[in-house]
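These notes are about the structure you will find just below.
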Amino acid sequence: MAGSTDIKNRIKGIQDTKKITNAMYLISSTKLRRAKKSMEDIEPYFYGMQSLMQRMMRHFPETEHPYLKTNDDRPESEMIHGFLVVTADKGLAGSYNINVLKETGKLMEKKASRLYVVGEAGRRFFDQRKIPIEENFTYTAQNPTRARARVITNTFLKDFEDGKIHDLTVVFTAMKNSLETETRVMKLMPLEKDLSVKDVPADVMREEFIIHPSPKEVLGAIIPSYVAGLVYSALVESYCCEQNSRMQAMSAANDSADEIVQELKIKYNRKRQAGITQEITEVSAGARSGRI
Amino acid sequence: MSKKTGALRIISPDGIFYDGRMLGVIMPSLDGQLEFLPCHEEMITVIITGELKYQTEDEKWHVAAVGGGVAETANNRCDIYVDFAERPEDIDKNRARAALERATEQMRQKKSIEEYKISQAALARALTRLRVADRDPF
């Protein structure tokens with residue numbers, strides 16, 4: 001009965017793998033919950049900053065700031081596009097990484113671009129295809145923190161100021177609803193100047209603000225935090241999606257492991273039964289021949 | 001007669017630090033301290049890393065270490081957005097002391113302007129934390 005031990009080994013192997021996928025499922029679900037919590041904590045700050053920013057734009061639309069400069073006067077051939085690509089550190093998360101990378105590939109076609117890649121999976125992908133990415137930009141996608149978002153933001157804000165990039169687009173994954181995820185493309189730099197001017201009717205009485213010390217200084221203080229907030233939310237959102245995708249992938253793996261084990265068990269039992277039947281036949285045949 | 005109060009919210013990325021009434025709030029601005037009293041004129045101002053004091057309705061002063069940010073007051077509501085906000089009892093003095101040492105060490109080395117500024121900001125944060133941790137408000 002050589003076949004039945006093989007089957008038994010396979011069943012054991014699959015059950016061991018299932019233990020791992022099951023553990024990964026549980027880990028992802030706790031991580032997802034924690035990431036969602038930190039997302040909720042930052043919300044009041046982020047929305048407040050956003051409305052303050054809008055207010056500033058509304059009251060002082062003429063304020064000059066390097067981050068607000070548009071690229072209208074720059075021909076497309078001279079543009080260097082920056083891309084911030086958010087991927088996971090590892091695979092095993094369904095199509096999570098591939099979707100982001102595919103979208104990035106589509107965007108950067110035939111363009112002078114500079115890539116800022118978050119996550120090991122994305123870095124490996126571009127390395128294999130010999131596409132140069134920004135060096136020294138080695139940030140992990142694990143447990144996104146505000147400090148990391150800050151550092152990431154400072155990196156590309158500096159490149160933006162130095163003219164190494166002329167705009168910046170973030171490619172990340174967001175939750176469409178609690179089950180589905182989708183790849184999103186967000187234009188980050190330069191900042192949109194007319195954020196919400198159109199929403200305000202012309203005859204609305206507006207408070208007059210004293211700006212201390214000057215609109216430019218205030219904007220200078222708000223903008224980095226505001227942009228860092230946007231980057232942070234993109235990181236957290238992606239992280240949530242990564243965990244979500246991994247949960248789904250792992251629960252699918254669990255299900256198919258169950259299915260395979262079920263099939264193998266039936267096979268094994270059949271084989272065992274066949275062996276027993278054969279033995280009985282042999283014994284009874286032997287007994288009969290002895291009687292004669 | 002009870003004094004006039006204003007609404008005050010201090011918000012950091014870690015959540016809402018304080019949300020309630022106040023009799024006055026003193027914050028570190030670019031050119032020294034600045035106080036908002038209830039019914040202050042509409043104003044937006046920049047805040048730097050330093051100590052922030054606010055007086056609650058029971059006339060007690062509270063102190064907090066805050067990071068840079070913006071303060072806005074309108075219609076007797078004051079919203080303060082800062083990078084971090086910590087109460088004296090929540091400050092980890094050992095960590096702040098270690099950060100202070102690290103920052104002074106880095107400032108002594110010759111580095112790019114950017115790195116110098118980063119260490120300078122770290123130094124300011126550490127000093128503020130240490131100062132606030134040892135302090136009773138008034």
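Brief remarks on what is shown
- The lysines whose alpha-carbon is closer than 16 Å to the alpha-carbon of A:Lys176, local same-chain residues fewer than 8 away aside, are A:Lys36.
- Residue among B:Ala65, B:Ala74, B:Ala96 with the largest mean-square fluctuation in a Gaussian network model of chain B, springs linking Cα atoms under 10 Å: B:Ala74
- DSSP-assigned coil residues among trypsin sites (Lys or Arg not before Pro) in segment B:43-138, each with at most 16 further Cβ atoms within 10 Å: B:Lys60, B:Lys110, B:Lys111, B:Arg135
- Leading residue at positive end of dipole, the protein assembly as shown (Cβ point charges), from A:His65, A:Gln15, A:Met175: A:Gln15
- Length-normalised contact order for segment B:89-133 - Cα pairs under 8 Å, 6+ apart - percent: 56 percent
- Sites excluded, trypsin sites (Lys or Arg not before Pro) in DSSP loops with at most 16 other C-beta within 10 Å, longest stretch of chain A: A:207-292
- For segment B:6-86, alpha-carbon Rg and Dmax in angstrom: 11.1, 30
- A simple packing score, the average count of other Cβ atoms within 10 Å per residue, orders the peptides A:277-287, B:12-22 as B:12-22, A:277-287, with the highest score first.
- As a size descriptor, the averaged projected area of the C-alpha convex hull of the protein assembly as shown was calculated at 34.0 nm².
- For a straight C-alpha distance cut-off of 16 angstrom, the lysines reachable from B:Lys3 (same-chain residues fewer than eight places away being disregarded) are B:Lys60.
- Considering only alpha-carbon pairs that sit under 8 angstrom and 6 or more positions apart, the relative contact order computed for chain B is 22 percent.
- Cα-centred dipole magnitude for segment B:52-122, charges only on beta-carbon of K, R (+1) and D, E (-1), debye, nearest 20: 500 debye
- Placing +1 on the Cβ of every Lys and Arg and -1 on the Cβ of every Asp and Glu, with no other charges, gives chain B a dipole of roughly 440 debye about its Cα centre.
- Simple Cβ-charge dipole of chain A, Lys/Arg +1 and Asp/Glu -1, about Cα centre, in debye nearest 20: 1980 debye
- By the count of other C-beta atoms within 10 Å, a proxy for reagent exposure, A:Ser4, A:Ser245 are ordered fewest to most as A:Ser4, A:Ser245.
- Entries of A:Lys18/A:Lys90; A:Lys8/A:Lys31; B:Lys53/B:Lys93 with Cα pairs more than 30 Å apart: A:Lys8/A:Lys31
- Prolate/oblate/rounded label for segment A:23-113 (Cα gyration tensor, a/c 1.5): oblate
- Selection from B:Leu127, B:Ala99, B:Ile113, by position along the positive dipole direction of segment B:89-133 (Cβ): B:Ile113
- Antiparallel bridges, percent of DSSP beta bridges restricted to chain A (to nearest 5): 40 percent
- Counted by neighbouring Cβ atoms within 10 Å, the residues B:Phe84, B:Phe36 run from fewest to most as B:Phe84, B:Phe36.
- Between the listed residues A:Ala253, B:Ala74, B:Thr45, the Cα displaced farthest toward the positive end of the dipole of the protein assembly as shown, a dipole computed from Cβ unit charges relative to the Cα centre, is found at A:Ala253.
- Reach of B:Lys4 by Cα under 18 Å, taken over aspartates and glutamates that are not fewer than 8 positions away in the same chain: B:Asp19, B:Glu35, B:Glu41, B:Glu42, B:Glu57, B:Asp58, B:Glu59, B:Asp79
- Count Lys and Arg as plus one, Asp and Glu as minus one, and take only other residues whose Cβ is under 12 Å from that of A:Val231; the net charge is then +2.
FYI, it's all coordinate maths here, none of it is from the lab. Model, not experiment: these values are computed from the prediction. With ideal geometry, Cβ positions are generated from the backbone for all residues, glycine too; neighbour counts draw on all protein chains shown.
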